[in-house]
Amino acid sequence: MLTTTLFESVFNRSPFGHYLLSPTPDATILAVNDAFLKASARTRDELVGVSLFKAFPGDPADPADVGEASLRDSLAKVRTSSQPDTLPAIRYPIPIVLPNGETIFEERFWTATSTPVFGADGELLCISHSNIDVTDQLKSEAALRESEQRLREADRRKDEFLAMLSHELRNPLAPIGAAAELLQRTTLDEDVLARTSQIIGRQVRHMTALIDDLLDVSRVTRGLVELDQALLDVGAVLHEAVEQVTPLIESRGHSLALNLPPHGTQIQADRKRLVQVIANLLGNAAKYTPDGGRLGVNAFGRDGWLCIDVLDNGIGMAPELAARAFELFTQAERASDRSSGGLGLGLALVKSLVELHGGVVACDSAGPGQGSRFSVCLPGLHAPPVAAPAPNEQPASTAAPLRVLVVDDNVDAAVILSMLLEANGHQVQVEHDPLEALEALDATLDHPPQACLLDIGLPGIDGLELARRLRARPGTARALLVAITGYGQDSDRQQILQAGFDHHLVKPIDIAQLYALLDGAG
């Protein structure tokens with residue numbers, strides 16, 4: 001009755017797992033199709049004639065396993081109501097016997113439908129049971145929900161970051177604008193003029209630091225940063241990092257305890273980047289610690305690794321914030337005046353730079369108000385070597401003044417730069433159009449410029465083409481060519497040097513660096 005050729009053909013060709021059960025409480029397996037045998041990794045001899053609950057017992061080690069109980073209840077409902085019943089996505093571990101005889105359970109999820117099968121006289125002959133494995137579907141749905149949640153969170157933090165960036169960049173523009181208005185007045189004493197200049201300088205440095213952070217994160221996350229590694233004195237690196245943060249620490253009245261490894265301990269690392277990492281962590285601690293707080297830097301060696309802990313007794317972190325402290329755009333709560341914090345880039349940059357060195361980072365906090373500890377561990381620690389002799393002092397510069405050509409279509413920038421150069425003794429010619437600059441050089445063939453400071457984004461021809469033409473002229477073929485530009489990517493630098501420039505300075509430039517370049521050309 002149950003084994004006709006037509007029934008077996010349809011039963012076995014179904015892509016879903018099917019088996020027929022006796023209408024008795026023990027639910028003996030009467031027949032099973034090929035799809036279920038494949039899914040359960042069993043044979044017909046192992047299943048047919050055996051109680052379903054003996055063939056597939058629940059996991060006795062897992063009290064949360066309710067698959068067997070749910071299935072018993074469902075089959076009992078079918079027997080008493082003579083109506084189909086479906087169990088949506090029940091958890092049902094599949095036992096797997098290993099070659100060594102050990103049984104393990106693979107967690108699977110099934111939608112199970114039990115349907116009564118009646119004879120011509122209305123008698124319940126058996127229960128047809130079908131299983132559809134939805135494990136992969138459920139996992140995909142869970143992964144999709146998790147991914148959607150991560151995207152929503154990333155989008156929220158991105159929006160917060162853009163709002164923060166707008167605020168942080170507008171903040172320094174206000175005093176710069178006010179200072180510009182003040183400088184237009186004709187009756188300014190030297191004290192007011194000096195303070196106004198200092199305000200502009202501080203705010204420009206602040207804006208430059210924000211932009212540098214953005215560019216650094218972009219370069220590091222895209223794998224465009226190459227480390228310039230050398231054997232470094234750990235104590236000197238830490239002192240340099242502390243020096244950078246000292247003004248902030250002193251302004252907030254913090255005390256700092258600095259514990260160094262033995263004198264002469266060295267690490268193989270990139271000096272600039274390692275200083276950046278420690279200064280970033282220490283500055284972060286200073287910002288999020290109320291005035292008069294305590295900070296600490298502990299450096300020690302462990303099994304060939306250098307470990308550096310930066311500690312504070314500041315605002316601390318909740319566990320959920322500590323868990324994602326090194327993620328991009330993450331930052332703690334800040335006061336309404338935004339006197340603390342930044343763009344949420346610093347710790348993400350720290351993590352990237354440390355991992356670039358092959359190291360690891362971590363942070364922990366006992367909770368809000370309980371302070372924080374940030375830890376950095378780097379490989380490549382070296383035992384203290386014999387102290388090296390102190391380097392000779394460099395002689396003071398005695399370079400002669402130069403004839404300098406400045407070409408920049410930003411009139412204010414060109415004028416300010418020429419004033420700085422003239423204050424340092426140089427003779428400066430300013431042009432705002434590159435073609436007019438070339439014409440002006442034709443009129444002064446006997447006294448060509450010895451150095452040319454060129455903007456790149458110029459009207460008519462750009463600074464790259466202007467540099468090529470200057471190199472082609474006898475009078476300026478050997479002149480010092482310095483690009484002064486807002487284009488600061490590595491690809492920009494390569495293109496600039498290929499055009500014939502000797503140096504590439506990114507706006508706002510370091511004037512001391514420019515003076516040094518001109519001194520070297522004198």
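The values are calculated or read from the model by the stated rules, or taken from the named source; none is laboratory data. Bear in mind that the values here come from a model prediction, so they are computed numbers and not experimental data. Glycine gets a Cβ as well: all are built from the backbone with ideal geometry, and neighbour counts include every protein chain shown.
Looking only at the range 249-286, how many residues end up being farther than 18 Å from L306 by Cα, buried (at least 21 other Cβ atoms within 10 Å of the Cβ) and at pLDDT 90 or above? So the count comes out to 3.
State whether the residues of the range 259-275 include one that is assigned by TED's automatic domain parsing to the domain that holds R373, among the charged types (D, E, K, R) and without any contact (Cβ under 8 Å) to a residue 12 or more places away in the chain. No: the range 259-275 contains no residue that is assigned by TED's automatic domain parsing to the domain that holds R373, among the charged types (D, E, K, R) and without any contact (Cβ under 8 Å) to a residue 12 or more places away in the chain.
Is at least one residue of the range 286-304 assigned to a helix (DSSP H, G or I), in contact with an Asp or Glu (Cβ under 7 Å, 6 or more places away or on another chain) and aliphatic (A, V, I, L, M)? No, every residue in the range 286-304 fails to be assigned to a helix (DSSP H, G or I), in contact with an Asp or Glu (Cβ under 7 Å, 6 or more places away or on another chain) and aliphatic (A, V, I, L, M). State the number of residues belonging to the range 13-50 that are part of a loop (DSSP other than H, G, I, E, B), surrounded by fewer than 19 Cβ atoms within 10 Å (Cβ to Cβ) and either among the hydrophobic types (A, V, I, L, M, F, W, C) or not assigned by TED's automatic domain parsing to the domain that holds S70 (or both). Selection size over the range 13-50: 4.
In contact with a Phe, Trp or Tyr (Cβ under 6 Å, 6 or more places away or on another chain) and buried (at least 20 other Cβ atoms within 10 Å of the Cβ): is that true of A437 in this structure? Taking the combined requirement at face value, the residue does not satisfy it. Of the residues making up the range 183-210, those that are in contact with a helix residue (DSSP H, G or I) (Cβ under 8 Å, 6 or more places away or on another chain) and either assigned by TED's automatic domain parsing to the domain that holds D412 or at pLDDT below 75 (or both) number 3.
Being over 21 Å from D502 (Cα atoms) and either in contact with a strand residue (DSSP E or B) (Cβ under 7 Å, 6 or more places away or on another chain) or not acidic (D, E) (or both) is a description that applies to G425.
Assess whether D121 counts as being charged (D, E, K, R), surrounded by fewer than 17 Cβ atoms within 10 Å (Cβ to Cβ) and farther than 20 Å from F53 by Cα. It is true that D121 is charged (D, E, K, R), surrounded by fewer than 17 Cβ atoms within 10 Å (Cβ to Cβ) and farther than 20 Å from F53 by Cα.
Evaluate the following for D212: is it touching a His at 6+ places or on another chain (Cβ under 8 Å), surrounded by fewer than 17 Cβ atoms within 10 Å (Cβ to Cβ) and without any contact (Cβ under 8 Å) to a residue 40 or more places away in the chain? Full working, then the answer.
Details: touching a His at 6+ places or on another chain (Cβ under 8 Å): no; surrounded by fewer than 17 Cβ atoms within 10 Å (Cβ to Cβ): yes; without any contact (Cβ under 8 Å) to a residue 40 or more places away in the chain: yes.
So D212 fails the test.
So, in the range 212-236, of the ones that are out of contact with any Pro (no Cβ under 7 Å at 6 or more places or on another chain), in a helix (DSSP H, G or I) and at pLDDT 75 or above, which residue ends up farthest from P261 (Cα to Cα)?
Within the range 212-236, the subset out of contact with any Pro (no Cβ under 7 Å at 6 or more places or on another chain) is 212-233, 235-236.
Filter again for in a helix (DSSP H, G or I), leaving 212-221, 235-236.
Within this subset, residues satisfying the condition of being at pLDDT 75 or above are 235-236.
Details: G235: 7, A236: 11 Å.
So the residue we want is A236.
Rundown of residues vs (1) out of contact with any Ser or Thr (no Cβ under 8 Å at 6 or more places or on another chain); (2) aromatic (F, W, Y), yes/no style:
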{"site": "D408", "(1), (2)": "yes, no"}
{"site": "V415", "(1), (2)": "yes, no"}
{"site": "L420", "(1), (2)": "yes, no"}
{"site": "V428", "(1), (2)": "no, no"}
{"site": "T444", "(1), (2)": "yes, no"}
{"site": "L464", "(1), (2)": "yes, no"}
{"site": "G475", "(1), (2)": "yes, no"}
{"site": "R478", "(1), (2)": "yes, no"}
{"site": "Y487", "(1), (2)": "yes, yes"}
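Restrict the check to the range 464-476 and report whether at least one residue is out of contact with any Cys (no Cβ under 7 Å at 6 or more places or on another chain), surrounded by 17 or more Cβ atoms within 10 Å (Cβ to Cβ), touching a residue at least 24 places away in the same chain (Cβ under 8 Å) and in a loop (DSSP other than H, G, I, E, B). Within the range 464-476, not a single residue is out of contact with any Cys (no Cβ under 7 Å at 6 or more places or on another chain), surrounded by 17 or more Cβ atoms within 10 Å (Cβ to Cβ), touching a residue at least 24 places away in the same chain (Cβ under 8 Å) and in a loop (DSSP other than H, G, I, E, B). Of the residues making up the range 124-137, those that are outside any strand (DSSP E or B) and either at pLDDT 90 or above or under 9 Å from T111 (Cβ atoms) (or both) number 1. Regarding the range 154-163, can at least one residue be identified that is at pLDDT 80 or above and aliphatic (A, V, I, L, M)? No, the range 154-163 contains no residue that is at pLDDT 80 or above and aliphatic (A, V, I, L, M).
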